[in-house]
Amino acid sequence: MHLSASAATPTHCPYCALQCGMTLTPDASDAGVSVAGRADFPVNRGALCGKGQSAAAVLSPGVRLTTPLVRSAAGVLEPAGWEEALDAVAAGLSRTRTGHGADACAVFGGGGLTNEKAYALGKFARIVLGTSQIDYNGRFCMSSAAAAGQLAFGLDRGLPFPLEDVPRTGCVILVGSNLVETMPPAMRYLTELRENGGTLIVVDPRRTRTAEQADLHLAPRPGTDLALALGMLHLVVAEGRVDESYVRERTRGWEQARAGVMAHWPEYVERITGVPLPQLREAVRLFTEPEHAMVLTARGPEQQAKGTDTVGAWINLALATGRPGTPLSGYGCLTGQGNGQGGREHGQKADQLPGYRKLTDPAARAHVAEVWGVDPNSLPGPGRSAYELLDALGGDIRSLLVMASNPVVSAPRAAHVEERLRSLDFLAVADVVLSETAELADVVLPVTQWAEESGTTTNLEGRVLLRRRALTPPAGVRSDLDVLHGLAARLTPGLEKGFPVDPEEVFEELRRASSGGPADYAGISYDRLARGDALHWPCPDPAHEGTPRLFLDGFATQDGRARFAPVTHRPAAEEPDAEYPVYLTTGRVVAQYQSGAQTRRVAELNKAAPGPFVELHPRLAARLGIAEGDTVAVTSRRGRALAPARLTGSIRADTVFMPFHWPGAGRANTLTNPALDPTSRMPEFKVCAVRVAKAG
Ligand code: SF4
């Protein structure tokens, strides 16, 4: 492996949405570099979690793909040259397009792709393949918060304020987030909040390591946090704590929302959620008494079949108490994947064009079509959402190109999704490792990684960041941009000119495509980012300093007012019953990341988190005759998973928890329910009904 000219390169972690700053320094290891946290980067101030510290391990040739693979006539993936592999992908997609039409080809992207790649992938799908069938795994991650944010504020950006505001507020309600396991360096902000005299309320069915640090932990039944928010707002009204002038001057829809709230008596909410009324009252007091306060949500409220309404209910609480769009206060979503935010702004989502424009908006279509040099009428309309797209594989979708995603492990009802993938006429996967999805492919394209290419990402604060190339990649790999260029040349000769392989060239086009849109990047450039400018979008021109704090002068709605959501509680799509009497909820552990495709290949992370487990309360375990370490069978209407029991008093006795990072017998997503939120189309990962027993 050869190093590029720069000896020590400042860049950012390849994993989660915190996008911690790190420096890569050449060394003699297999990876070729060592990693250190960057003290000068304000988000992590030098801290890294174990995943970030060990991120270089996946650069080692021993754990990654370094040559394309093509499935032979005997059905085996065999090494191939790049020309042969790209020819095979183009032929597979072409056959489908000719035989079944453009929409029979689909594209599935990832929230880890840089802004440039997400942009190029959306453009490739729409003008090279001509398909409407493109979506990405970010749909599984925070689309409900995005939908609720759009409805309430007219704009969705994870946090509308920088993390540095968190320690200076008076109270934070953290809903369905376990930062100690998901983004450890971010815990510092909550620790500082408490050191400054502020209070932390954590809402989570489990007493997680994050909840242990809270002043107040509310542990509702899975799928009932919408009712919890309504119950808190009921008390806010009953106790005269509504910020009447804020509601009058900065919002609309309060009367209708209030009617829904008043139907949720605290005693009724106590029965639904299992949260004792005194705790509910205390939470209201802690949240309303300080001058400033914030609500932060994550996957807990979002990954539900009513996720948009659930987030809407928490936003209602924030609005009624006058928080959003005021200093050191507000509502924010802690996005999850590395570029979960940017990935949903630039066109790989089924209904979007770059700049967070709507595919159904004629003006947006005209603007982007002009940048792309095509007729606006040639752009397809919106396609299916992620799970719906995966469910249609082998039906009217015959070929699929996957980039940076591993749905065999990460999709809900995963055994069904795996079976759908197997039923395709043609599957191509571009990835850095041979993921479980890549193992099913007809062609696997090995691509470059974060340290081997430049590109931008947008972190959970809407802060656009430059990742810099620090290493020359191994000879056998090419960048995703290179792949799209090569496929465009084969599928429609001449169109490859619109798919440059230089990330900065792609970004320059992205700037123009996003210009004037809600997520306006027109004023952001590689030069500015390299100089260290902290540029939060929107940043509409090169003289603009970016927008770290949104909504202070008004919301992004037509009249500048926020909207209350008219929401009421409803049960989860699947509640426990006699046959499946226990709740299952899923989540992450600190040493693994998402489907584990990368982190399961890192020895020290595997040592810390070697495999799946089922967390259950000792009372439930005793009733079922299960002891610590016993193999437990967890069965839902979708299938069965096996994993060792872990007994803990930190979980409700009516609920079991499984982390979702592993394939095979312990795959948690074999069990999860693909019931979709009607607005965001987010599946209900966070709650389903299961039967639990000691395995025979
Ligand atoms: Fe990387 Fe996230 Fe860990 Fe930071 S917290 S080092 S961004 S995985």
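The values are calculated or read from the model by the stated rules, or taken from the named source; none is laboratory data. As the structure is a prediction and not an experimental result, all values here were calculated from the model. No Cβ is skipped: glycine too gets one built from the backbone with ideal geometry, and neighbour counts run over all protein chains shown. All accessible areas refer to the heavy atoms of the entire protein, side chains included, with ligands and DNA or RNA removed. Shrake-Rupley method; radii C 1.70, N 1.55, O 1.52, S 1.80 Å.
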Among beta bridges assigned by DSSP with both residues in the chain, the antiparallel ones amount in percent, to the nearest 5, to 50 percent
Residue span Glu84 to Asp361: 0.36 nm per residue of separation minus Cα-Cα distance leaves a gain in nm of 95.7 nm
Extend 7 Å from the Cα of Tyr268 along its Cα-to-C-beta direction; within the range 228-249, residues with backbone N under 16 Å of that point are 228-238
Checked the range 557-696 against the a/c 1.5 cut and the a/b vs b/c comparison, axes a ≥ b ≥ c from its Cα gyration tensor; verdict oblate
Over the range 582-694, with neighbouring protein chains present, the accessible area per residue in Å² at probe 1.4 Å is 34 Å²
Here the gain from full extension of Thr98 to Ser378, 0.36 nm per residue of separation minus their alpha-carbon distance, amounts to 99.1 nm
Check: C-alpha center the range 626-670 vs C-alpha center the range 127-158, spacing in Å is 31 Å
DSSP beta bridges in the range 582-694: the antiparallel percent, rounded to 5, is 65 percent
Place a point 7 Å from the Cα of Ala238 in the direction of its beta carbon; the residues of the range 280-305 whose amide N falls under 15 Å from it are 280-285
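I'd like the carbon and sulfur percentage of the solvent accessible area for the chain, probe radius 1.4 Å, heavy atoms only, ligands and nucleic acids excluded.
50 percent
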Net charge (Lys, Arg +1; Asp, Glu -1) of residues whose beta-carbon lies under 13 Å from that of Tyr119, Tyr119 excluded, is +1
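With a Förster radius of 25 Å, plug the Cβ-Cβ distance of Arg252 and Asp553 into 1/(1 + (r/R0)^6) and report the FRET value to the nearest 0.05.
Calculated value: 0.90.
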Taking r as the C-beta separation of Ser72 and Ala608 and R0 as 25 Å, the FRET efficiency to the nearest 0.05 is 0.10
Taking Cα atoms only, helix 82-100 is inclined relative to the longest principal axis of the chain by an angle, in degrees rounded to 10, of 70 degrees
Computed over the chain: longest principal axis from alpha-carbon atoms vs helix 503-514 long axis, angle to nearest 10 degrees, is 50 degrees
Distance in nm between Asp40 and Arg637 label points, each 7 Å along Cα→Cβ, equals 5.6 nm
Taking a ≥ b ≥ c as the square roots of the eigenvalues of the Cα gyration tensor, with a/c under 1.5 meaning rounded and otherwise prolate when a/b exceeds b/c and oblate if not, the range 143-334 is rounded
Between the Cα axis of helix 362-372 and the main Cα principal axis of the chain, the angle (0 to 90°, nearest 10) is 30 degrees
Relative contact order of the range 582-694 (C-alpha contacts under 8 Å, at least 6 apart) in percent is 37 percent
Rounded to two decimals, the Rg over Rh value of the range 298-373 from Cα coordinates and the Kirkwood Rh reads 1.08
Cα-Cα longer than 20 Å, checked against Lys123/Lys497; Lys306/Lys686; Lys349/Lys686, kept in input order, equals Lys349/Lys686
By the Cα gyration tensor axes a ≥ b ≥ c (a/c under 1.5 gives rounded; else a/b larger than b/c gives prolate, otherwise oblate), the shape of the range 32-126 is oblate
Charge tally for neighbours of Leu218 with beta carbon under 14 Å away, counting Lys, Arg as +1 and Asp, Glu as -1, is 0
Once normalised by the length of the chain, the mean sequence separation of its alpha carbon contacts under 8 Å that are 6 or more apart gives a contact order in percent of 19 percent
Per the charge dipole of the chain (beta-carbon charges, Lys/Arg positive, Asp/Glu negative, Cα centre), the residue among Phe660, Pro222, Val89 reaching farthest to the positive end is Pro222
Reported to the nearest 10 Å², Cys333 has, with a 1.4 Å probe, an accessible area equal to 0 Å²
For the range 9-63, dividing by residue count, accessible area per residue (probe 1.4 Å) in Å² works out to 32 Å²
Taking a crude spin-label model, label points 7 Å out from Cα along the C-beta direction, the Arg194 to Arg570 distance in nm is 3.8 nm
